[in-house]
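Colleague: My questions all concern the structure below.
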Amino acid sequence: REWLNALIEQDGMVDSFTELYPSARGRYTCWSQYLNERYSNCGSRIDYCLADRAFFETHVVRERAR
């Protein structure tokens, strides 16, 4: 986790999911099957999609408010 945080902060990368859905909580993609944690939604994310901040700001279309 420290390595990922350093990559995002020091290299100016963006975690696209977190950037687009800042209020999302409990969005995990990996759970302990042995403990059936998918039912309690206790796990971790393993699907980070990182992009350079400048690229992200130039090319990502954010949903407009309705």
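Colleague: Tell me, what ³J(HN,Hα) does each residue in segment 19-25 have, in order and in whole Hz, if you take phi through Karplus 6.51 cos²θ - 1.76 cosθ + 1.60 with θ = phi - 60° and put x for Gly and Pro?
Modeller: Along segment 19-25, the couplings run 5, 7, 10, x, 9, 5, 10 Hz.
Colleague: So for each of 7-20, 47-60 I average, over its residues, the number of other beta carbons within 10 Å; can you give me the resulting order with the highest mean first?
Modeller: By packing density, highest mean first, the sequence is 7-20, 47-60.
Colleague: Give me the distance in nm between label points sitting 7 Å out from Cα along the Cα-to-Cβ direction at SER16 and CYS49, one decimal.
Modeller: 0.4 nm
Colleague: How far apart, in nm, are two points set 7 Å out from the Cα along the Cα-to-Cβ line at ALA24 and at ASN36?
Modeller: Computed distance between label sites ALA24 and ASN36 equals 2.7 nm.
Colleague: Please list, in chain and number order, the residues 5+ apart from ARG45 or on another chain whose amide H is under 5 Å from its amide H, with Hs placed from the backbone.
Modeller: For ARG45, whose amide H was placed from the backbone, the distant partners under 5 Å are THR29.
Colleague: Right, something else. Grab the Cα-Cα distance for ARG62 and ASN5, subtract it from 0.36 nm times how many residues apart they are, and report the gain in nm with one decimal.
Modeller: Going from the current span to full extension adds 18.2 nm.
Computed from the coordinates by the stated procedures, all read-outs in this text should not be read as laboratory data. The structure presented is a predicted model; accordingly, all values stated were derived computationally and were not measured. Counting neighbours? That spans all protein chains shown, and the Cβs are built from the backbone with ideal geometry, glycine included.
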